Amino acid sequence: MIRERAYAKINLGLDVLRRRPDGYHEVKMIMQTVDIRDDLTFEKREEPGIGFYIEGADLPADGSNLVYRAAALLMEKRQIREGVSITLQKRIPIAAGMAGGSADAAAALRGLNALFEMGYSVEELKEIGLKLGADIPYCIQGGTMLSEGIGEILTPLPDPPACHLVIVKPGIDVSTAFVYGHLEADRLPFHPDVDGMAAALAAGDLKGVTDRMGNVLETVTVKEYPAIERLKRMMCDLGAENALMSGSGPTVFGICKERGTAEKIAAAIKIEEPADAVFVTEFVRGSVD
Ligand code: ATP
């Protein structure tokens, strides 16, 4: 049996450079793995095809699930005649801007590659993953990465300095398609200093990182969903170094120097805000594969 961990990510910085004529957005983001994860298992079975079981979430375990699609794609490519039984223990909030589905799909690619000894390299798995989703190549390896193009140009960055995180998924649902659909990519009021953040990471300068946190997708979501700004303000007022929305939202994270500060913020939010999930956690250092 093969076990894989599928870690969630946040974006320390997220910039959109332009909307391409084909509708894709060219991004420049700093991705960071956080210690919130789904667990997957992969086991051969006699019956051919894919058996897929989900625990911990009300998601359809069918061909619409990214795990199933990733498994089907690899098995088709390699003409695998044996069957596989896959379980997914879901913990990452769904449709949260934390790439939970992409992380699961990446774990499925790694897991099946190992189970059936397919021999794909990490680079090959990233190429295959890109066909299923722009964040999947990043999720194959995880860690701290600069992500450019539509998400397929990845450059490893040094791990961030030690710190603690409070991560909150507010009790609202935000669709990624809605956010990108309403983004005015050629009229953005600001661009986060992603290069400056990469330099601050190289220098081990936490303040240099937190001072440069920015996400242009907030230009869409903050207007529509006041909870996002409210959570950011609460986190900063209660002592976080800075706070930001992750990905297309609505999850908000705060970076704190002390674990006690992150715990204090989490406790206050649990009382004052209707949140689906509140975590106190840390970054995962190095790659996940
Ligand atoms: P991103 O940060 O990449 O935008 P997200 O965190 O916003 O991702 P996901 O949780 O990855 O969003 O899921 C978005 C949608 O994808 C869900 O609404 C769900 O219907 C579908 N989906 C398919 N497979 C999965 C999976 N394994 N886990 C979660 N959602 C999945």
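Residues of segment 97-137 with backbone nitrogen within less than 14 Å of a virtual label 7 Å along the Cα-to-Cβ line of residue 20, please, listed as ranges.
Residues 130-135 fall inside that zone.
What are the principal axis extents of the Cα atoms in segment 164-255, in Å, biggest first?
Rounded to whole Å, the extents work out to 37, 32, 17 Å.
Take the Cα pairs of the chain, get the Kirkwood Rh, then feed it into Stokes-Einstein at 4 °C and 1.567 mPa s and tell me D in µm²/s.
67 µm²/s
Quick one: pull the percent of accessible area on segment 131-285 belonging to carbon and sulfur, 1.4 Å probe, ligands and nucleic acids left out.
Here carbon and sulfur together make up 50 percent of the probe-accessible area.
Compute the accessible area per residue over the chain, keeping the other protein chains in place, probe 1.4 Å, unit Å².
Dividing the accessible area of the chain by its residue count gives 44 Å².
What is the helix-to-structure angle for 259-272, meaning the angle in degrees between its Cα long axis and the longest Cα principal axis of the chain, kept from 0 to 90 and rounded to the nearest 10?
90 degrees
Say R0 is 51 Å: what FRET efficiency, to the nearest 0.05, do residue 121 and residue 211 get from their beta-carbon distance?
With a Förster radius of 51 Å, E is 0.85.
Please compute the Kirkwood hydrodynamic radius over segment 24-68, one decimal place, Å, based on all pairs of different Cα atoms.
14.2 Å
At 1.4 Å probe size, put 225, 24 in order of accessible surface, largest to smallest.
In descending accessible area the options line up as 24, 225.
Explain nothing, just the number: relative contact order of the chain, from Cα pairs under 8 Å at least 6 residues apart, as a whole percent.
Rounded, it is 23 percent for the chain.
Report the rotationally averaged projected area of segment 11-170 based on its alpha-carbon convex hull, in square nanometres.
Taking a quarter of the hull surface, the average projection is 10.5 nm².
What number, rounded to the nearest 500 deg cm²/dmol, is the helix-based mean residue ellipticity at 222 nm of the chain, given -39500 (n - 2.57) per DSSP H run of at least four residues and division by all its residues?
Helix-only estimate at 222 nm: -10000 deg cm²/dmol.
The values are calculated or read from the model by the stated rules, or taken from the named source; none is laboratory data. Note that the coordinates shown come from a computational prediction; the quantities given were computed from them, not determined experimentally. Cβ coordinates were reconstructed from backbone atoms using ideal geometry, including for glycine residues, and neighbour counts include every protein chain displayed. With ligands, DNA and RNA removed, areas are computed over all heavy atoms of the protein, side chains included. Shrake-Rupley method; radii C 1.70, N 1.55, O 1.52, S 1.80 Å.
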